[in-house]
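Taking it in order: structure first as structure tokens, then the write-up.
The values are calculated or read from the model by the stated rules, or taken from the named source; none is laboratory data. Source: prediction; values computed, not measured. Neighbour counts run over all protein chains shown; Cβ positions are idealised from the backbone, glycine included. Calculation scope for accessible area: heavy atoms of the full protein, side chains included, ligands and nucleic acids excluded. Shrake-Rupley method; radii C 1.70, N 1.55, O 1.52, S 1.80 Å.
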Amino acid sequence: MFRQRLRSLGTLAAISLGVAGLILAGGFVQDIFIQLGEAVIHSQSGHIQIARHGYREGHTRAPEDYVIEQPDKLKQNLLKEPGVQLALARLGFAGVINNGKRDLGIIGEGVEPAAEAKLGTWLHYIEGRALADADNDGIVLGEGVAKSLGLKAGDRVNLVISLAQGAVNTLDFEVIGVFQSFSKDFDARAVRITLSAARNLMDVNVAHVMVLVLDKTDDTDRVLASLKQKFVQQGYELASWRELSDYYEKTVKLYDSQFGILRFIILLMVLLSVVNSVNMTLFERTREFGTMLALGDRPGSVFQLIMTESVCLGIIGAGLGMLLGCVAAWVISAIGIPMPPPPNTNLGYTAYIRVVPLEVLTAGGIGFVATCLAAVLPARRVSRMPVVNALRQGA
């Protein structure tokens, strides 16, 4: 290895750059998934939602059949669960919003403003402000709703809904703010008013959904499993943010396929680079191996020697690549990568490179295995070459 410094350095460079490339690609993909998930959680769904059994399928037809009668009592029970940071009630409704000139069908929610402010960290208000607990006649609109009706903060609107009893109720509201979430579809139909105003509008004192915010997103599956054991038998259904966001699931599958191809291309480049470097090194040393065979070394010993060198190069190259990849990830993350909004979304974001231990170890393992595999066929060919031909090589 030290006698063939340039060739060894070339092989190490190919291995380490390939491993670093795999780490950077994997960290970039992980960051996309994490940030997209956080956008879904902190602009719409929360980590877990709890509703009456059948609500997700039947709430559009008969929402009055799937209400939580004592939401405050349920909230207190949910807050006792380890890992639950916040629980908030929502009351959903569908209706029509009118600006005095034209109507627009909307999907609305009555929310608890103070709690929603802690959850909705990914909601961006492009005009006005968020709801406050005292805004009983205030309403906030999705950007699409505001554009469709030409509304801005300070305007007055009428909200009209049909009650379960068949009557029609209407209330007058002042536009407090206009928000952007990550989803254009959501913003095109979404409006929010305070929970007390929604109950007044619908003449009820209930909720449709309890939204949970957890201490850590990674705890979602654990907390969900624990809650299901306690609440499913009481007639509730529970769903995680992944189940609630069809957009997230489809986007992850799309990006995973795309970046899977990218990873394969990087892996192929690593393998070809290492194969080329090892082949060139062994070709230049063919006479050396021929001399060893002529002096009585067995072909198996020559093969073992070459593979030992490759194993050493693989270990050193993989280690250097892992170090280089982590350092590059930290440097790039310190700067950030400005990203445009993903398809069908409103908000751009700053991407980072996540240093995921499993991804780092996997990349290092791939670099090591690729180096060993790249040396097998050339080593077998050289060790079995007739001595006369080996000695004549390069003469």
- Taking the reciprocal of mean 1/r across every pair of different Cα atoms in the stretch 311-395, the Kirkwood radius in Å is 16.6
- Note on the structure: Of every Cα-Cα pair in the stretch 243-368, the percentage lying beyond 25 Å is 49
- Take the solvent-accessible surface of the protein heavy atoms, probe 1.4 Å, and return the percent of it on the chain that carbon and sulfur atoms account for. 59
- Query: Between Val206 and Ala94, what is the spin-label point distance in nm, taking each point 7 Å from the Cα along the Cα→C-beta axis?
  - Reply: 1.7
- Message: Only Cα pairs within less than 10 Å get springs; with that Gaussian network setup on the chain, which residue of Ser240, Ser45, Ser383 has the largest fluctuation?
- Response: Ser383
- Report the residue, chosen from Arg298, Arg52, Arg263, that carries the largest GNM mean-square fluctuation when the chain is represented by alpha-carbon nodes joined by springs under 10 Å. Arg298
- Where Met292, Met1 fall by accessible area, highest first, once all protein chains stay in place (1.4 Å): Met1, Met292
- What number in nm² do you get for the stretch 1-132 if you take the convex hull of its Cα atoms and divide its surface by four? 15.9
- Heavy atoms of Glu309: accessible area, 1.4 Å probe, square angstrom to 10: 30
- Note on the structure: Heavy-atom accessible area per residue of the stretch 312-365, all protein chains kept, 1.4 Å probe, expressed in Å², is 53
- Query: Roughly how many Å² of Leu320 are accessible to a 1.4 Å probe, to the nearest 10?
  - Reply: 90
- Item | Intensity falloff of the stretch 170-278 expressed as log10 I(q)/I(0), Debye formula with alpha-carbon point scatterers, at q = 0.11, 0.15, 0.18, 0.21 Å⁻¹ | -0.68, -0.99, -1.16, -1.24
- Note on the structure: Rounded to 0.05, the calculated FRET efficiency for the beta carbons of Lys118 and Ala62 at R₀ = 45 Å is 0.90
- Hydropathy first: keep DSSP H helices in the chain averaging at least -0.5 on Kyte-Doolittle, then drop any whose Cα extent along the axis falls short of 20 Å, and list what survives. 5-40, 246-284, 299-335, 357-383
- Query: Say R0 is 30 Å: what FRET efficiency, to the nearest 0.05, do Arg222 and Leu361 get from their beta-carbon distance?
  - Reply: 0.80
- Message: In the stretch 360-377, whose amide N lies under 14 Å from the spot 7 Å out along Cα-to-Cβ of Ile335? List them in ranges.
- Response: none
- At a probe radius of 1.4 Å, what is the per-residue accessible area of His124, in Å² to the nearest 10? 90
- Task: With a probe of 1.4 Å, find how much accessible area the stretch 32-143 has per residue, and write the answer as a whole number in Å².
- Result: 46
- Message: Need the full-extension length gain, Leu323 to Met307, defined as separation in residues times 0.36 nm minus the C-alpha distance. One decimal, nm.
- Response: 3.4 nm
- Apply 1/(1 + (r/R0)^6) to the Cβ-Cβ distance of Leu272 and Arg298, taking R0 = 30 Å, and write down the FRET efficiency to the nearest 0.05. 0.45
- Mean projection area, nm², convex hull over Cα of the chain: 25.5
- Alpha carbon centre of the stretch 170-221 versus the stretch 91-113: separation in Å? 11
- Query: Among Lys80/Lys228; Lys228/Lys253; Lys80/Lys250; Lys228/Lys250; Lys101/Lys147; Lys75/Lys250, which pairs are too far apart, with a Cα-Cα distance over 23 Å?
  - Reply: Lys228/Lys253; Lys80/Lys250; Lys228/Lys250; Lys75/Lys250
- Item | Rg/Rh ratio calculated on Cα atoms of the stretch 117-179 (Kirkwood radius) | 1.02
- Note on the structure: Sorted by accessible surface (1.4 Å probe, heavy atoms of the protein chains only), largest first, Asp65, Asp218 come out as Asp218, Asp65
- Query: Can you give the translational diffusion coefficient of the stretch 149-208 in µm²/s, computed by Stokes-Einstein from the Kirkwood radius over Cα pairs at 20 °C and 1.002 mPa s?
  - Reply: 162
